[in-house]
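All of the numbers you see were taken from the coordinates with simple rules; none came from a lab. Just so we're clear, the structure is a prediction, and the values are computed from it rather than from any experiment. Because the Cβ atoms are built from the backbone with ideal geometry, glycine has one as well, and the counts that use them run over all protein chains shown.
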């Protein structure tokens, strides 16, 4: 199978890390379970300037490398690669974060997966003149059988793939979201994602 995997809050615990960063930078103490919105400026009740400062800090190499793995993520991706699936990590991080992101993957034993930066969210506001190494036109030429994604804002990038099965990694900001179709399943952990993948594989 061809498998799409998001990076932040699927492979690693980005929101938990940024929660600590916001507390350190601004004294804003919002526990992970209270991050109710994908929009972190709204979740942390900070100004636009503070949000941009926080995101710049969060995208520094030392910050990106410090984010902890989501339990079971790397083991699962390696298991998929071992049996012949093609795994593509497609992140909304700007290309300026590519080297740190690539190093994180390599440090966690994911040197066999491809990494692409796609402008999912128009985040040029905090890293000026951001560039991305995967253009939308090229993304839409790619085919996927399975996707792992936490952001409901990214679902629009799947509309051209009517048969795609989507594992929605359960996070506080997506728990109450009504999933678009029966092809989407809310998954609380990587064990449930692997179970869903096995059920999809049997139908491919």
Requested in this report: Rank-order 131-140, 48-57 by packing density, defined as the average count of other C-beta atoms within 10 Å over each peptide's residues, highest first.
Outcome: 48-57, 131-140
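What 222 nm value per residue comes from the helices of the chain, counting each DSSP H run with n ≥ 4 as -39,500 (n - 2.57) and dividing by all residues, nearest 500 deg cm²/dmol? Please list the in-between numbers first.
Details: 8 runs with 71 residues, N = 204.
Computed mean residue ellipticity for the chain: -10000 deg cm²/dmol.
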Requested in this report: Have a look at 193, 90, 46 and tell me which one the Gaussian network model of the chain (Cα, springs below 10 Å) gives the largest fluctuation.
Outcome: 46
Requested in this report: Would you kindly state how much longer the chain becomes between residue 102 and residue 143 on full extension, computed as 0.36 nm times their sequence separation minus their alpha carbon distance, in nm to one decimal?
Outcome: 12.5 nm
Report task. Give the angle, between 0 and 90 degrees and rounded to the nearest 10, that separates the Cα long axis of helix 98-107 from the longest principal axis of the Cα atoms of the chain. Result -> 60 degrees
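For the chain, what relative contact order do you get, as a whole percent, if you take Cα pairs closer than 8 Å and at least 6 residues apart?
Working: 292 pairs, mean separation 50.6, N = 204.
Here the relative contact order equals 25 percent.
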Query raised in the report: Expressed as a whole number of Å, what is the distance separating the alpha-carbon centroids of the range 179-193 and the range 31-56?
Result: 25 Å
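What FRET efficiency, computed as 1/(1 + (r/R0)^6) with R0 = 22 Å and r the Cβ-Cβ distance, is obtained for residue 192 and residue 75, rounded to the nearest 0.05? Working shown, then result.
Numbers: r = 14 Å, r/R0 = 0.64.
Between residue 192 and residue 75 the formula returns 0.95.
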**Report entry** Principal-axis tilt of helix 73-82 within the chain, Cα atoms, nearest 10 degrees
**Finding:** 30 degrees
Query raised in the report: In degrees from 0 to 90, rounded to the nearest 10, what is the angle of the helix 14-26 Cα long axis to the longest principal axis of the chain?
Result: 0 degrees
